[in-house]
1. Going by a ≥ b ≥ c, the root eigenvalues of the Cα gyration tensor, does segment 43-119 fall in the rounded group (a/c under 1.5), the prolate group (a/b larger than b/c) or the oblate group?
2. When we measure straight from the Cα of Lys130, which aspartates and glutamates land under 19 angstrom away, once same-chain ones fewer than 8 places off are left out?
3. Not counting the cut sites, what is the longest span of the chain without GluC sites (Glu not before Pro) that DSSP labels loop and that have at most 14 other Cβ atoms within 10 Å?
4. Counting other C-beta atoms within 10 Å, which of Met233, Met8 has the fewest, and how do the rest follow?
5. Please sort by residue number the trypsin sites (Lys or Arg not before Pro) in segment 166-273 whose DSSP state is loop and whose Cβ has at most 15 other Cβ atoms within 10 Å.
6. What's the magnitude of the charge dipole for the chain around its Cα centre, counting Lys and Arg as +1 and Asp and Glu as -1 at the beta-carbon? Answer in Debye, nearest 20.
7. Relative contact order for the chain: what percent, with Cα pairs under 8 Å and sequence separation of 6 or more?
8. In whole Hz, what ³J(HN,Hα) sequence does segment 60-73 give by Karplus (6.51, -1.76, 1.60; θ = phi - 60°), x for Gly and Pro?
Amino acid sequence: MNFKINFMKHYKRFFAFSVVLTLLGISTILIFNMNYGVDFKAGTTLDITTGIQSEKATIEEIIRTTLPDVKEPLLTLGNKAERVTIRFDKVLTQQQTSQVVQAFENKFGEQVSYEENTVDVTMAKELATKAIYAVLIASLAIIVYVSIRFEWRFAVAAIVALLHDALIVVSIFSIFRLEVNLPFVAAVLTIIGYSINDTIVIFDRVRENVRFAKLKTFGDLVELVNRSIWQTMTRSINTVITVLVAALALFIFGSESIRLFSLAMIIGLLSGVYSSIIIACPIWLLLKNNSLNSKKAAAAPIAKP
């Protein structure tokens, strides 16, 4: 089979790119920490629908006048500027919430409606801990599954690719200071499942091709891996395009509350395809090549003194 692209030729460069991006993201997390949303830190979020288009400066003036002693909140306006999300870094009292809502009603009329979301310090810590547990448990379950279904070399490669995808999404959100909340955790869990699915599809074909291949050199391994990738390329492309279209639609037409979830999904989908081909396959290739070299060394005749 003639290959248009030799995916294994420049694997070192791809490894270097992923390592640099991940280290940059980890450094950003260690220095600045993640930009946690209200789900993971104490505070109050008010989603207010005005029914009338408004400007950010008008909203800021209302908040500044109503709650002069409260730190300036983070404002996010909806697509038509008729809905505003106000995130306070402290938990508002019921009186303060009522004052804000009353101020909006005085400005925009009685059609104003609102939704309040408050997280105290204890709940924020508990949510953060459970989110970490959820990701770890899901990753562990996938590791066990791959280890049982495939040999250990496939399992190691799949694990590295899985962690790579999660770290890439976290790194990009950290570098660009994007908000991390519970929908983000849901996106990471979804990405982990998608990534391992794409990797297993390729590995299943690699395993089938290994059964009928005579592998003697590193070149034989490279040819086998490239052939396996191209045999599954159509399925991989069709799958990612289908899911990517849905994620893009949510990102473009969805509400502000799911926009970052959609963005995380888009990044994870692209990273999943990338890692399945450029990360997982080369790692298996190198591990398998070490096995071939070990067999050659064991089979080589021992020179007599």
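Values in this text are rule-based calculations from the coordinates and carry no lab data. No experiment lies behind these values; they were computed from the predicted model shown. Virtual Cβ from ideal backbone geometry, glycine too; neighbours counted across all protein chains shown.
1. Rounded, since a/c falls under 1.5.
2. Asp39, Asp120, Glu179
3. 111-305
4. So the ranking, lowest neighbour count to highest, is Met233, Met8.
5. Arg177, Lys214, Lys216
6. Working: 30 positive and 24 negative charges, 498 e Å.
Its charge dipole is roughly 2400 debye.
7. Across the chain, relative contact order equals 24 percent.
8. Going residue by residue, I get 4, 5, 4, 5, 5, 6, 6, 10, x, 8, 9, 4, 4, x Hz, with x marking Gly and Pro.
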